[in-house]
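Colleague: Pasting a structure below so you can have a look.
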Amino acid sequence: MARVLALFYTELESEGLISQHDQTSYNRVATIDSPIGKLLPESFESIVERVRRTGFTIEAWQGHGHKDVEFTTMCRFLQEVELFLTVRIAVKHGDIGLLRRLVDPLIVTFLGAAQWNYVYEMLFYRWLLSPACTEPLQRSILASGLVNWQGRATTWKATDLGLEHLNCNCKIEMKCYKNSTHNVDTIFNRVCLTNTWIRELRYKLEGRYGEYMPGTHSTASALEDMFSLGQKLFSEALARPRATIPPGGPLPPFESRDIWQIGVDSLDEKVERFNKKFTKQSVLTQGTYITNEVRAMERENADDIDDLELETDAMGIEAAGVRGMVVSAKPPNQDVIQEYLAYADETTDGNLDATLNLVSNIDEDNVAGIDGP
């Protein structure tokens, strides 16, 4: 937030409302209200739009028009934070439509940052949100990832976080009340079955007696720190690209990795690997394979599958009678493998598109990978 404030100060200076050399015009929260109050609504909106173009576009991410790598790094940091703050807001408000749109840029971000566990989890999530599943099932998958114990519009949380909170309540109960009669079963029944009811009862009692006891940790206000850092960045001319970079010591200026470009470059390979592992059945699995003839006979003889005996000597396969018609025998020849692959490509409609609709959106004037609704 401090860096966004510094960009805002820079635009106010371009309007002649504050001066970088006159710190009395912006050094406190109260003093900045005066120049903002002089703006017309149209002027304020114009300044906000210029801030967005300065720090939140693909041009800002790539550092177009200047060679100040530290300013480019700051813009990349802002856009990465923006992505995860958007996830946080979407979860808090239960906005599963926005969460669906964030899956693709998160895949690219995790790819570029080499977070491989998250990559495959998000690719699997993206597969479930593809035509491999029906629209009602996709919506159910999105909705099942969130819970709202309190029932208010802004109290949604991720299901696993809700489970962690419930486990924490059980742990506190065990630590405080467990004895020879108050055993684990009693604690689980008491906490798990009455957790939300007890919370509502506590709120009502606190409201009745006028004493509210928050269960959260107390945190100091970051407002003063935010304004202090924003003012420092602005006064040292770090909120705009610099024409000349002053020497900063023995180390060169830091430039963050272009994780979005790295992610897009490796996307095809990772998606293809994912498809081979999860969405395409393997031709060889523990010395067994399935042919089109086997599948046809399975469909025709589904009721009598246990008694079915298949003769396929022409393909070099020994006779066998196996439930499910997975025939184990000699290694298949290449013709059989190609036949099976052709069959798999025809019948597997749920494969991920190798681009995930990301490459075409990388040049859009927004967060890479987020397309329209």
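Colleague: Among (1) without any contact (Cβ under 8 Å) to a residue 24 or more places away in the chain; (2) over 30 Å from residue 1 (Cα atoms), there is one condition residue 164 misses while meeting the rest; what is its number?
Modeller: Among (1) without any contact (Cβ under 8 Å) to a residue 24 or more places away in the chain; (2) over 30 Å from residue 1 (Cα atoms), the lone unmet condition for residue 164 is (2).
Colleague: Let me ask something additional. How many residues are touching a Ser or Thr at 6+ places or on another chain (Cβ under 7 Å), surrounded by 17 or more Cβ atoms within 10 Å (Cβ to Cβ) and outside any helix (DSSP H, G or I) if we restrict to region 84-117?
Modeller: 0
Colleague: Which fully enclosed helices (runs of 4 or more DSSP H) of region 1-83 have 3 or more residues being under 23 Å from residue 256 (Cα atoms)? If you could, list the steps in order and put the result at the bottom.
Modeller: Working: elements: 2-14, 29-37, 41-55, 58-62.
Counting at least 3 such residues, we get 2-14, 41-55, 58-62.
Colleague: Residues of region 133-161 being in contact with a Gly (Cβ under 6 Å, 6 or more places away or on another chain) and in contact (Cβ under 8 Å) with a residue 60 or more places away in the chain, which ones? Lay out the reasoning, then the answer.
Modeller: At the first step, the residues of region 133-161 found to be in contact with a Gly (Cβ under 6 Å, 6 or more places away or on another chain) are 146-147, 156, 159.
Scanning region 133-161 gives a single hit, 156.
Colleague: Condition first: over 21 Å from residue 105 (Cβ atoms) and of a type outside the set (Gly, Ala, Ser). Now tell me which residues in region 134-155 satisfy that.
Modeller: Result: 134, 135, 136, 137, 147, 148, 149, 150, 152, 154, 155.
Colleague: Now for a different question. Those residues that are touching a helix residue (DSSP H, G or I) at 6+ places or on another chain (Cβ under 6 Å) and within 20 Å of residue 11 (Cα to Cα), I need them from region 225-259; list them, please.
Modeller: 226, 227, 229, 230, 233, 234, 239, 240, 241 - these are the residues of region 225-259 that are touching a helix residue (DSSP H, G or I) at 6+ places or on another chain (Cβ under 6 Å) and within 20 Å of residue 11 (Cα to Cα).
Colleague: Quick one: how many residues across region 221-264 are modelled with pLDDT under 85, within 32 Å of the chain's Cα centre (by Cα), in a loop (DSSP other than H, G, I, E, B) and polar (S, T, N, Q)?
Modeller: Count: 1.
Colleague: Which condition number does residue 100 fail, the rest of (1) under 12 Å from the mean Cα position of the chain (by Cα); (2) over 28 Å from residue 135 (Cβ atoms) being met?
Modeller: (2)
Colleague: Answer yes or no as to whether residue 145 is touching a strand residue (DSSP E or B) at 6+ places or on another chain (Cβ under 7 Å) and surrounded by fewer than 19 Cβ atoms within 10 Å (Cβ to Cβ). Let's see the steps before the verdict.
Modeller: On the way: touching a strand residue (DSSP E or B) at 6+ places or on another chain (Cβ under 7 Å): yes; surrounded by fewer than 19 Cβ atoms within 10 Å (Cβ to Cβ): yes.
Here the answer is yes, as residue 145 does meet what is asked.
Colleague: I'm trying to understand the selection: among the residues of region 67-97, which are touching a residue at least 40 places away in the same chain (Cβ under 8 Å), in contact with a Phe, Trp or Tyr (Cβ under 7 Å, 6 or more places away or on another chain) and hydrophobic (A, V, I, L, M, F, W, C)?
Modeller: Passing the criteria: 78, 91.
Colleague: Is region 265-284 home to any residue that is modelled with pLDDT under 75 and in contact with a Pro (Cβ under 8 Å, 6 or more places away or on another chain)? Reasoning before the result, please.
Modeller: To start, the set of residues in region 265-284 that are modelled with pLDDT under 75 comprises 280-284.
Those still in the list that are in contact with a Pro (Cβ under 8 Å, 6 or more places away or on another chain) too: 283-284.
Yes, region 265-284 contains at least one residue that is modelled with pLDDT under 75 and in contact with a Pro (Cβ under 8 Å, 6 or more places away or on another chain).
Colleague: Is it the case that region 49-62 has a residue that's in the same structural domain as residue 12 (by TED's automatic domain parsing), among the aromatic types (Phe, Trp, Tyr) and surrounded by fewer than 14 Cβ atoms within 10 Å (Cβ to Cβ)? It would help to see each step written out before you state the result.
Modeller: Within region 49-62, the subset in the same structural domain as residue 12 (by TED's automatic domain parsing) is 49-62.
Among the residues that remain, those that are also among the aromatic types (Phe, Trp, Tyr) are: 56, 61.
Next, from what is left, pick out any that are surrounded by fewer than 14 Cβ atoms within 10 Å (Cβ to Cβ): none.
No: zero hits.
Colleague: Regarding region 178-187, can at least one residue be identified that is surrounded by 12 or more Cβ atoms within 10 Å (Cβ to Cβ), in contact with a Phe, Trp or Tyr (Cβ under 6 Å, 6 or more places away or on another chain) and either under 22 Å from residue 148 (Cα atoms) or not acidic (Asp, Glu) (or both)?
Modeller: no
Yes or no, residue by residue, for (1) out of contact with any Cys (no Cβ under 9 Å at 6 or more places or on another chain); (2) surrounded by 11 or more Cβ atoms within 10 Å (Cβ to Cβ); (3) among the aromatic types (Phe, Trp, Tyr); (4) in a strand (DSSP E or B):
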position	(1), (2), (3), (4)
151	yes, no, no, no
160	yes, no, no, no
163	yes, yes, no, no
170	no, yes, no, no
204	yes, no, no, no
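The values are calculated or read from the model by the stated rules, or taken from the named source; none is laboratory data. A quick note: this is a predicted structure, and the numbers were derived from the prediction, not measured. Glycine also receives a Cβ, built like all others from the backbone with ideal geometry; neighbour counts cover every protein chain displayed.
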